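Following: one structure in C-alpha cells, then a few remarks.
The values are calculated or read from the model by the stated rules, or taken from the named source; none is laboratory data. What you see is a predicted model, and the numbers here were worked out from it, not measured in a lab. Glycine also receives a Cβ, built like all others from the backbone with ideal geometry; neighbour counts cover every protein chain displayed. When the accessible area is computed, the model is the full protein with side chains, heavy atoms only, and any ligands, DNA or RNA have been set aside. Shrake-Rupley method; radii C 1.70, N 1.55, O 1.52, S 1.80 Å.
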Number of protein chains: 2
Amino acid sequence: MVKMSDVAKAANVSSATVSRVLAGSPHVSKETKERVLRVIEELNYKPNRLASNLRRMSAKTIMVVLPDITNPFFAKIVQGFEDVAHERGYYVLLGDTGNRLSLEREFIELSRERAVDGLILATARIPNKEIQEVSEHVPLVLACEYVDGLDIPTVSIDNVGAARAATEFLIESGHRRVAHISGPMAVVLSRDRVKGYRQAVQLHDLELDDRLIQEGDFTVQSGYHNMLKLLSLDNPPTAVFAANDEMAVGAIKAAKSLGIRVPEDLSVIGFDDIPLAMLVEPELTTVHQPQYDIGRHAMRMLLDIVEGRAPRRRQVVLSHRIVVRGSTMDVSGSEQTGNRVEGVTL
Amino acid sequence: MVKMSDVAKAANVSSATVSRVLAGSPHVSKETKERVLRVIEELNYKPNRLASNLRRMSAKTIMVVLPDITNPFFAKIVQGFEDVAHERGYYVLLGDTGNRLSLEREFIELSRERAVDGLILATARIPNKEIQEVSEHVPLVLACEYVDGLDIPTVSIDNVGAARAATEFLIESGHRRVAHISGPMAVVLSRDRVKGYRQAVQLHDLELDDRLIQEGDFTVQSGYHNMLKLLSLDNPPTAVFAANDEMAVGAIKAAKSLGIRVPEDLSVIGFDDIPLAMLVEPELTTVHQPQYDIGRHAMRMLLDIVEGRAPRRRQVVLSHRIVVRGSTMDVSGSEQTGNRVEGVTL
DNA sequence: CTGAAAGCGCTTACAG
DNA sequence: CTGAAAGCGCTTACAG
C-alpha cells in the first residue's frame, strides 16, 4: 500500500506538503503542487481515511436510525438523508432497528464511540431521558418523530393538524359517522393523529364514539381486521380515516370482501402518500407528507449542527396537503374547499 | 473525553491491560479484569473507535451500493445485508446511486481508501474491466447483478430459468400469443429474462414475433405504455410476462383502461414478488425471488472473504418459484403442474 | 499475567 | 511557501 510518506519522498517534499496539496490548501506553490499531483497519479496513491479520521477525530459519517427500511415511507426519507449527506461529503450508516428497542440503543451507542459525527433518529422508542442524554453528547436530529418537552431539533409535519384536516375533509364531504384506524398508541405520532381526529369530530359537533377508534399497527393486515370490526358495529361508519396508507389499503380490501363499495358505500382516506396509494383500486385519497424533503431538511440541519453552524430554527414543520383521488366521495352535494389538490394519476 | 490511558491510570494498570480486558483476552487475571471493568463503569469510558480502526486497519464497515433504496425489491435485500452485518459486528454504509454511474464509481472508490472492509454491489453499471480491477483490491460480492466471464463471487437466482418458467407457465395455461415487457437492455438481468422468454417460446414451437417484445424501464409507467402498444397490435397477445412486478401492475392498469379484463381477457405474470403484488387487484401472479435471503447470503459470503475464510462456493444461485395469484388464468382446461405454489393472500 | 514501547498514517500548530 | 515534530488513541508483538 502506497502511503503519504512514499509520495513525499518521490516528490521530494514533506508529508505536510502532500497533505496540504490533498486538502487544496492555497499555501503551496504551483510547481510543488503539480509535482506532488503527478507523483500521486503515478503511484496511484489513495489517502488512508482511517488515519485522517483519527487525526481529525471525525469519520464524516452520520448514523441514521429507522424502524424499517422496507417501509416505503422511510425509504424515501432515507433517500433525502443520503442525497444531502453525499452533497456535503458525508456518508450514511444505516441502522435498521426492525422496531427492536435493543437495536435502537445499540446504534445510538455507536455515536458515543466517536465513530459517527451525528445521529438522525427516524424512530425513537427509547425513553425521553435517554434521548436527552444522547443529545448532550452528540449532534442529534429527530425526523418525523418528536419528543414532548425537550428542545431537540426536529423536522416533521404538523401531525395533529394534518389528521384534523383529513377528518374534516370527510366530514365536510357529508359524512356523519367517521371512524379512525390509528397507529400503535405507544407512538407519539399515532396519539397526535388521534388527537387531530378527535378535534375535527368535536369541532363539527359530531358524536365522539370511542368504538369508532380502533388501534392498528400500521400494517395492511391490521387495517383489514380493524375495518372488519368497524363494519360489524350496529351503526357502522360511512367513512374512515386510517393513520397510514397501508392500513387504508387494508381497510379497502376489508370493505370489498364484504361487498361494500369504495367510495360509493364507504370513503377511505389514508396518510403519508406512498407510491402504493396510486396503484391500488380505487386510488387512495390521502394526506401527503413531503418525505424526501423531510429527509433533506433533517440532514441539512444535522450537518449544520455538526459543523458548528447553529441551525436557524430548531423545530421545522413542513407542510402537508390532502391529495384527493378515488377512495373518497362527497355525499353532501356541496362544494369542496380548502388546502387540497386533485390527485395525480397515471 | 475519557480515554484509555485515564482508565489505566485509575485502575493502576497499563493501557495494554485495559485493551486486553476490552477485547476479552483470557490473559488477564480475574481481579485485574474486575478492577478495570469497575473503573470503566465509573468513568463511563467508551473506547474511541476511530483509533482502533486505524490500529487494526479496519472500520468493520461494508459499503452497499444499490440503484435505488425506494425500490422495495432492493429495500428487502438491504435488510438481509443489514441483519447479517449486524450479527457479525459490522456496519453498513449505504450507497444509493440513483442509477447514476458517477455515483457508483464514487462509492466504490471509498473502498480504495480503506474506509470500508468490503463492497457489495447490487447494481453494477460500470464496465467489467473496472469491476475486475476493484475486486482485486477489495473483497467484493455481487448481489442480483452478475458479470459475464469474470469469476466474481455472486448471489442471485437463475434469471434465464426463472423467465423461461414464467413464460412456460403462461404457455402451458393455453396461451399461444405471449408477449414480454422487458427491462432495459443495458442491464444483463433484462437480457437474461428476454433469453428465458425466447427459450420458452421456441421450446413450445410458438411463433417468435419480435413485436411481442417491448423494452420497458422497470417502472409502472413503462409497463402501462408498453402494454398499450402490445394491445394495439393487429394480433394482440392474450398473455404477457413482465420483467418485474411494477411493470406488470402498469400492464394491468393499461388493460383495464381499455376495458380488457384481467385475467379473463389477458393473463399477466410479473417478476420479483414485492409486497405490492398482493395489494393490487387482481393480485399478481409472479416469480418469487428470495430477496431477504439473497441479502443474507451475499453479506455472509462477503464477510467470510473479508475475514479470510474462503467461501465454499463463489457463485450462489438461490431458487425462485412461481406464485400463482389472480392475474393469470388457465384457458386450456388442462391441469397445471410444476414448481409453483398457490399464492398467499390476505 | 502484565507493562514498556513502537507504530498505524495522517494533520496541524509552530517555526523559519 | 515549506518542513520537523508532535500527537490523535488505540493494539500488539516482545520481553519478562
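The stretch between residue A:105 and residue A:2 holds 33.2 nm of extra length on full extension. This uses 0.36 nm per residue minus the Cα-Cα distance. Sorted from shortest to longest, the distances between the residue B:99 label points of this copy and the other copies are 3.2 nm, with each point 7 Å from Cα along the line through the beta carbon. Efficiency by 1/(1 + (r/R0)^6): what FRET value for residue A:260 and residue A:317, r their Cβ-Cβ distance, R0 = 51 Å, to the nearest 0.05? It comes to 0.90. Charge dipole of the protein assembly as shown (Cα centre as origin; +1 on each Lys and Arg Cβ, -1 on each Asp and Glu Cβ, all else neutral): 2940 debye, rounded to the nearest 20. Computed about its Cα centre, the charge dipole of region B:187-312 is approximately 340 debye, with only Lys, Arg, Asp and Glu carrying charge at their Cβ. Residue pairs exceeding 32 angstrom between C-alpha atoms, taken from A:46/B:33; A:9/A:60; A:195/A:229; A:30/B:60; A:30/B:3; B:195/B:256: A:46/B:33; A:30/B:60; A:30/B:3.
Take each residue of peptide B:275-281, count the partner chain Cβ atoms within 10 Å of its Cβ, and average: the result is 5. Look at the stretch A:44-50: the mean tally of other chain Cβ atoms within 10 Å of its residues' Cβ atoms is 6. Close amide H pairs (under 5 Å, H built 1.01 Å from N) link residue A:180 with A:213, A:214, A:241, residues at least 5 positions away or on another chain.
Each part reduced to its alpha carbon centroid, region A:233-285 and region A:21-51 end up 61 Å apart. The residue among A:216, A:108, A:137 whose Cα reaches farthest toward the positive pole of the charge dipole of chain A, with charges on the beta-carbon of Lys, Arg, Asp and Glu, is A:137. About the centre of its Cα atoms, region B:4-47 shows a dipole size close to 100 debye [charges on the beta carbon of Lys, Arg (+1) and Asp, Glu (-1) only; nearest 20 debye].
Computed with a 1.4 Å probe on the full set of protein chains, the accessible area for residue A:32 sits at about 30 Å². Among the residues of A:96-103, the average count of other protein chain beta-carbon atoms within 10 Å of the residue beta-carbon is 2. Of the residues A:326, A:269, A:162, the one whose Cα sits farthest towards the positive end of the charge dipole of chain A is A:162 (charges of +1 on Lys and Arg Cβ, -1 on Asp and Glu Cβ, taken about the Cα centre). Counted by Cβ distance under 14 Å from residue B:184, the other residues give a net charge of -3, where Lys and Arg count +1 and Asp and Glu count -1. Positive end of the charge dipole of region B:4-47 (Lys, Arg +1 and Asp, Glu -1 on Cβ, about the Cα centre): tell me which of B:36, B:17, B:4 has its Cα farthest that way. The Cα lying farthest towards the positive end belongs to B:17. Classification of the protein assembly as shown by its C-alpha gyration tensor yields an oblate form. The axis ratio a/c (a ≥ b ≥ c) is 1.5 or more, and b/c is at least a/b. Summarising the label geometry, the points placed 7 Å from Cα in the beta-carbon direction at residue A:150 and residue B:42 lie 2.9 nm from one another. Sorted shortest first, the separations between the residue A:318 label point and its copies elsewhere in the assembly read 3.2 nm; each point sits 7 Å from Cα along the Cα-to-Cβ line.
With a sphere of radius 12 Å drawn around the Cβ of residue B:151, what net charge do the other residues whose Cβ falls strictly inside it have (Lys, Arg +1; Asp, Glu -1)? Neighbour charge sum, excluding residue B:151 itself: 0. Ranked from shortest, the separations from the 7 Å Cα-to-Cβ label point of residue A:331 to its equivalents in the other copies are 4.1 nm.
Distance between the 7 Å Cα→Cβ label points at residue A:9 and residue A:25: 2.2 nm.
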